[in-house]
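A quick write-up on the structure given underneath.
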Amino acid sequence: MDIDGTLVHTDNLYFRVFQKLLKPFGYIVDEAFYKENVHGKVDADVFRKLMPDSGPDDLLAMSKRKDDLFCELYREHVVTYGPPMLDGLPEALALAQQHGMRCVAVTNAPRGAAEASMASLRDAIPAASVIEGLVIGAECTRAKPHPDPYLEGARLLGVEATSCIVFEDSRSGIRAGVAAGAPVIGMRSSLSDEDLRTAGCVATLHDWRGLTLELIDKVSAGMPGHASPEGA
């Protein structure tokens, strides 16, 4: 399971972070800029492209600044409103727990941001304990869109990636799941059904309220091969 845009709504927070970070460099971060240059991408690739004259130390410092800013905004949001989870997530995790399904969170976000998000979910949702581990893309040999993070997630579960279902919201994450050999269900938090399916999803959901055992069975029945379940 991806985190940002899949478990929690965080694009609005990251949008504010990147507006603040990139303003001194002359960038105007609007929705189109964010989708083109930031969404679903790992920090190293984002800042290397946007700050081509910066050295490795400056790029790392910018990434840390971004992570610190996000964590600050995220914790403020959680204190005031609770975690910005997608609708239906508590019920979906309870369904997974009830039926013995095992989960791992796999993200291109930095560790600080990912751990802050996961801690808020564990505090708010008893069934969030079904998410057994956390894989950080930048800590793998290659981050998403390469398959390495999802292959590592499957390894943590002790299964083949082809026996898993990936839940994603971004094109890079979908590419990673497909490259790992897993069928991907897309969350329509930022992309349309058509965009998600074009990227490689076998089914899409508006949010977690649409997850059912029937859909899981249909997608599982298509592994391998990733035939799109009709009507999903």
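Quick note: the coordinates plus some simple rules give every number you see, no bench work behind them. These figures come from a predicted structure and were not determined experimentally. Heads up, the Cβs are rebuilt from the backbone with ideal geometry, glycines too, and the neighbour counts pull from every protein chain shown.
Numbers for the structure displayed
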| read-out | value |
| --- | --- |
| Under the Karplus curve 6.51 cos²θ - 1.76 cosθ + 1.60, θ = phi - 60°, whole-Hz ³J(HN,Hα) for the stretch 92-103, x wherever Gly or Pro sits | 5, 5, 5, 4, 4, 5, 4, 9, x, 7, 10, 9 |
| Under 5 Å, built H, 5+ apart or other chain: amide partners of residue 85 | 9 |
| Residue-span extension gain [residue 139 to residue 156] - 0.36 nm each, minus C-alpha spacing | 4.7 nm |
| Under the Debye formula (equal points on every Cα, no solvent term), log10 I(q)/I(0) of the chain at q = 0.13, 0.16 Å⁻¹ | -0.74, -1.13 |
| Alpha carbon Rg of the stretch 11-81, scaled by the compact-globule rule 2.2 N^0.38 Å | 1.10 |
| Approximate spin-label separation residue 91-residue 34, in nm, with each point projected 7 Å along Cα-to-Cβ | 2.8 nm |
| Contact order normalised by residue count of the stretch 89-221, Cα under 8 Å, 6+ apart, percent | 20 percent |
| Relative contact order %, the chain, counting alpha carbon pairs below 8 Å whose residues are six or more apart | 20 percent |
| Förster-model FRET efficiency, 22 Å R0, residue 122 and residue 64, C-beta, rounded to 0.05 | 0.35 |
| Inter-site label distance for residue 20 and residue 193 at 7 Å from Cα along Cβ, in nm | 3.8 nm |
| Cα point-scatterer Debye curve for the stretch 89-221, base-10 log of I(q)/I(0) at q = 0.10, 0.15 Å⁻¹ | -0.29, -0.69 |
| Label-point separation, residue 217 to residue 99 (7 Å along Cα→Cβ), nm | 0.8 nm |
| Extended-chain gain in nm, criterion 0.36 nm per residue less alpha-carbon gap, residue 54 and residue 115 | 19.2 nm |
| Candidate lysines - alpha carbon under 21 Å from residue 20, same-chain residues fewer than 8 apart omitted | 35, 41, 49, 64, 66 |
| The stretch 11-87 and the stretch 173-200: distance between their alpha carbon centers, rounded to Å | 23 Å |
